[in-house]
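Worksheet: one structure, shown below.
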Amino acid sequence: EPEVTQTPSHQVTQMGQEVILRCVPISNHLYFYWYRQILGQKVEFLVSFYNNEISEKSEIFDDQFSVERPDGSNFTLKIRSTKLEDSAMYFCASRYGQGATDTQYFGPGTRLTVL
Amino acid sequence: GEDVEQSLFLSVREGDSSVINCTYTDSSSTYLYWYKQEPGAGLQLLTYIFSNMDMKQDQRLTVLLNKKDKHLSLRIADTQTGDSAIYFCAETLSGGSYIPTFGRGTSLIVHP
């Protein structure tokens, strides 16, 4: 069964450094998402991406964040200057359509630790 | 705004039934979902229920929806050790892009 993959599984970085989290969505999917979960808190929506542009974003997704689909298979989340509070599990997801019953398929997540 | 709440932990004995509860605040919810996350894996959609239904059964899983109280539950019959995971409740609202709003997840521990 096709699956969403994410790399790395764990990323440790120093505060102020840039990080890029990578995702490979399922190949025929058209809609892509990033979510994050700070330890003990809710899974929060960050951004959705369709047709090579951001279609929706939350208030968490400020100017420090950017997304890109550089080559038709990868989908990346960049955090320009990491802060301690960016430490979280970041999940990528994809789906074919955006109807209520179009299932989102999630990757296993990247745990980001900012020191 | 949308808010979804769940208890953080549930411990059950193998063979017993598990009931995981969730409350939500937005009455315009259209679909309510249960996702399962096993260790090292992503969230996997288990089942969903449309807001005009009050029950849905799928093998060992039963979803109950009480719209009046905005309460959703997931019952797992004959719980097995392989059911140990984190279970997330989520909702989507009508008229939008159906991006789920999640709760914190309930960690289900099944012991022999």
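The values are calculated or read from the model by the stated rules, or taken from the named source; none is laboratory data. Owing to the predicted nature of the structure, the values given are computational and were not obtained by experimental measurement. All Cβ positions, even for glycine, are placed from backbone atoms using ideal geometry, and neighbour counts span all protein chains on display. Keep in mind that these areas ignore ligands, DNA and RNA; they rest on the heavy atoms of the full protein, side chains included. Shrake-Rupley method; radii C 1.70, N 1.55, O 1.52, S 1.80 Å.
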Return the residue satisfying two criteria in turn: it lies in the stretch B:6-18 and is surrounded by fewer than 14 Cβ atoms within 10 Å (Cβ to Cβ) and outside any loop (DSSP other than H, G, I, E, B), and of such residues it is nearest to the other protein chains (Cβ to nearest Cβ).
-> B:Phe9
Residues being under 14 Å from the mean Cα position of the chain (by Cα), under 22 Å from A:Glu3 (Cα atoms), away from chain B (no Cβ under 14 Å) and not β-branched (Val, Ile, Thr) - total across the stretch A:50-69 = 2
Residue by residue through the stretch B:35-75, note down the ones that are open to solvent by 60 Å² or more (accessible area, probe 1.4 Å), within 18 Å of B:Pro100 (Cβ to Cβ) and among the aliphatic types (A, V, I, L, M).
-> B:Met53
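When the residues of the stretch B:20-32 are filtered to those that are assigned to a strand (DSSP E or B) and more than 13 Å from B:Ser73 (Cβ to Cβ), which remaining residue is most open to solvent (accessible area, probe 1.4 Å)? Explain how you work it out, then say what you get.
Step one: list which residues in the stretch B:20-32 are assigned to a strand (DSSP E or B), which gives B:20-24, B:29-32.
Filter once more, keeping what is more than 13 Å from B:Ser73 (Cβ to Cβ): B:29-31.
Values: B:Ser29: 7, B:Thr30: 18, B:Tyr31: 45 Å².
Per the criteria, the residue is B:Tyr31.
Looking only at residues in the stretch B:96-112 that are without any contact (Cβ under 8 Å) to a residue 24 or more places away in the chain and at the interface with chain A (Cβ under 8 Å from one of its Cβ atoms), which one is nearest to A:Gln104 (Cα to Cα)? Write out each step before concluding.
Step one: filter the stretch B:96-112 for residues without any contact (Cβ under 8 Å) to a residue 24 or more places away in the chain, giving B:96-97, B:99.
Checking which are at the interface with chain A (Cβ under 8 Å from one of its Cβ atoms) leaves us with B:97, B:99.
Values: B:Ser97: 12, B:Ile99: 9 Å.
The selected residue is B:Ile99.
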Tell me, please, whether a residue that is more than 14 Å from chain B (Cβ to nearest Cβ) and not aliphatic (A, V, I, L, M) can be found in the stretch A:92-109.
-> no
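Can you tell me which of A:Gln6, A:Gln17, A:Gln41 is open to solvent by 50 Å² or more (accessible area, probe 1.4 Å), touching a residue at least 60 places away in the same chain (Cβ under 8 Å) and polar (S, T, N, Q)? Steps first, answer last, please.
Values: A:Gln6 fails: open to solvent by 50 Å² or more (accessible area, probe 1.4 Å); A:Gln41 fails: touching a residue at least 60 places away in the same chain (Cβ under 8 Å).
Going through A:Gln6, A:Gln17, A:Gln41 in turn, the sole match is A:Gln17.
Select from the stretch A:70-115 the residues that are of a type in the set (D, E, K, R) and open to solvent by 10 Å² or more (accessible area, probe 1.4 Å) and list them in ascending order. Even if it seems obvious, please write down each step before you answer.
Our first condition is that a residue be of a type in the set (D, E, K, R); within the stretch A:70-115, this holds for A:71, A:78, A:80, A:83, A:85-86, A:95, A:102, A:111.
Within the stretch A:70-115, A:Asp71, A:Lys78, A:Arg80, A:Lys83, A:Glu85, A:Asp102, A:Arg111 meet the criteria.
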For the stretch B:76-95, state whether one or more residues are among the acidic types (Asp, Glu), more than 14 Å from chain A (Cβ to nearest Cβ), farther than 20 Å from B:Leu108 by Cβ and open to solvent by 20 Å² or more (accessible area, probe 1.4 Å).
-> no
Any chance the stretch A:29-37 includes a residue that's in contact with a Phe, Trp or Tyr (Cβ under 7 Å, 6 or more places away or on another chain), touching a residue at least 60 places away in the same chain (Cβ under 8 Å) and open to solvent by 50 Å² or more (accessible area, probe 1.4 Å)?
-> yes
Filtering the stretch A:81-109 down to residues that are among the hydrophobic types (A, V, I, L, M, F, W, C) and closer than 18 Å to B:Gly40 by Cα yields A:Ala88, A:Met89, A:Phe91, A:Cys92, A:Ala93, A:Phe106
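If you take the residues in the stretch B:83-112 that are outside any strand (DSSP E or B) and farther than 18 Å from A:Tyr31 by Cα, which one is modelled with the lowest pLDDT? So that I can check it myself, show each step before the final result.
Our first condition is that a residue be outside any strand (DSSP E or B); within the stretch B:83-112, this holds for B:83-84, B:94-100, B:103-105, B:112.
Still in the running and farther than 18 Å from A:Tyr31 by Cα: B:83-84, B:94, B:103-105, B:112.
Values: B:Asp83: 96, B:Ser84: 96, B:Ser94: 72, B:Gly103: 92, B:Arg104: 91, B:Gly105: 94, B:Pro112: 90.
By that ranking, first place goes to B:Ser94.
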